Amino acid sequence: MRLRLRREDRLVAATVGRSDGNRTKTVTRGGSRPAATAAWGTTALLDRRPVAVPWAVVYDRAVSDLVITPDDVARAAAAIRGRVHRTPTFSSKSLGPGQHLKAELFQRTGSFKARGALNRVLGLSADERRRGVISASAGNHAQALAWAAASEDVDALLVMWQGASTAKMAATRGYGAVIDLEATDPGVAFARLYALQEQTGRVLVHPFNDPVVIAGAGTVGLEILEDVPAVDTIVVACGGGGLVTGIAAACVPAGVRVIAVEPEHSNALALGLAAAVPVTLTPETVADALTAPFAGTVAIDVCGQLGVEVVLVSDDEIRTAFRFLYERAKLATEPGAAVAVAAVLAGKIEGECVVSVVSGGNVSADIASAILKGP
Ligand SMILES: Cc1ncc(COP(=O)(O)O)c(C=O)c1O
């Protein structure tokens with residue numbers, strides 16, 4: 001079964017900046033509608049219509065020819081095998097009957113991001129390796145790209161923003177990357193990323209809107225299918241949507257329901273799916289890893305096609321899940337990686353055999369102890 005989306009569609013007329021009423025931009029998707037095979041159904045095809053967004057970001061790096069299949073994810077798995085950990089999946093009686101945890105916080109660099117970053121770096125041409133790589137990140141993709149690039153002797157520049165996790169910055173520098181810290185928030189960081197990429201000629205390794213990165217992230221899903229063959233529902237933390245998209249591409253064809261979980265005040269995928277284009281927002285959440293200022297076009301297209309549902313959780317529900325994972329499951333997770341379990345604990349997920357992905361564990365002792373202390 002194959003999903004093929006051919007796209008010439010580009011987002012145009014984009015600027016950067018907050019809306020002051022007069023500066024609100026209309027962003028129009030041009031080009032053809034994506035075509036899907038009958039097997040995938042046609043209900044979620046994108047409309048070609050203008051969409052008003054309060055403030056827009058330059059999205060003109062849209063993927064022009066998108067193909068993500070279970071075979072692509074399997075190829076990614078073969079490419080990165082032996083270079084990343086195969087993380088365990090446990091059943092969790094304390095979470096409930098039929099509940100499981102995919103412990104991806106034990107991944108190299110402390111999050112699933114190592115999979116996609118390595119898959120992308122391994123595919124660079126000799127010329128691209130010489131030019132070096134660049135990306136923007138709240139910290140986990142930064143660490144992962146720094147690690148993957150260093151392991152292939154490629155130079156890495158990471159755009160982060162003031163207020164991002166200092167522990168994640170230190171780890172990123174520890175892997176040998178340079179951090180640009182001029183940006184004041186995630187939206188500004190992405191605008192700066194695109195400007196710096198043009199100035200420097202480095203290769204953009206997008207944290208969540210690159211099909212090769214997404215295929216790498218999808219290998220989490222392949223391992224779940226192998227380890228829990230009876231799985232009917234996979235619950236996944238969502239920022240810009242790369243992880244949930246990769247898992248959906250790998251697992252929905254196998255008949256598994258995939259649910260994206262977002263913090264209620266950082267709900268880029270929910271907004272993007274409703275508008276059928278990326279909608280920018282200013283995220284506010286304790287889950288620092290889930291502060292993408294927009295969802296990727298790939299996530300919106302593929303999750304829309306595959307019927308990925310979105311569930312929202314509050315910061316209090318995230319803190320409760322964080323404490324549950326520490327005390328009952330013995331997992332020292334980070335807040336962003338606790339959102340899937342937060343949705344389960346809050347009774348927002350149905351399923352007989354459910355796997356919640358605990359997607360990372362990069363948290364400072366200060367933040368962890370403040371959350372563990374409780375309200
Ligand atoms: C630990 C963790 N979980 C989940 C996500 C969400 O991934 P994505 O942005 O691909 O949706 C991130 C993103 O950085 C993350 O760091």
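We did not get these values from a lab; they are worked out from the coordinates using the rules stated. Note that the structure is a prediction, hence the values are computed from the model and not measured. Cβ: placed from backbone, ideal geometry, glycine included. Neighbour counts: every protein chain shown.
Each of PHE324, PHE90 was scored by other Cβ atoms within 10 Å of its Cβ. Arranged with the fewest first, they read PHE90, PHE324. Fewest neighbouring Cβ atoms within 10 Å first, the residues ILE318, ILE80 line up as ILE80, ILE318. Enumerate the lysines that LYS93 could reach by cross-link, defined here as Cα to Cα under 29 Å, with residues fewer than 8 away along the same chain left out. Hits, sequence-local ones excluded: LYS102, LYS113, LYS330, LYS348, LYS373. When only alpha carbons are used to place a centre, the stretch 308-345 and the stretch 143-220 end up 25 Å from one another.
Once you have the Cα-Cα distance between GLU350 and ALA230, take 0.36 nm times their residue separation minus that, and quote the gain in nm to one decimal. Walk me through the numbers before you get to the answer.
Values: separation 120, 0.36 × 120 = 43.20 nm, distance 1.47 nm.
Gain on extension, GLU350 to ALA230, equals 41.7 nm.
From the alpha carbon centroid of the stretch 228-305 to that of the stretch 91-124 is 15 Å.
Contour minus end-to-end for PHE106 and THR166, with contour as 0.36 nm per residue of separation and end-to-end as the Cα-Cα distance?
Details: separation 60, 0.36 × 60 = 21.60 nm, distance 2.03 nm.
This chain segment gains 19.6 nm when fully extended.
What's the Cα-based Rg to Rh of the stretch 335-375, Rh via Kirkwood? Let's see the in-between values first.
Working: Rg = 12.3 Å, Rh = 11.7 Å.
A ratio of 1.06.
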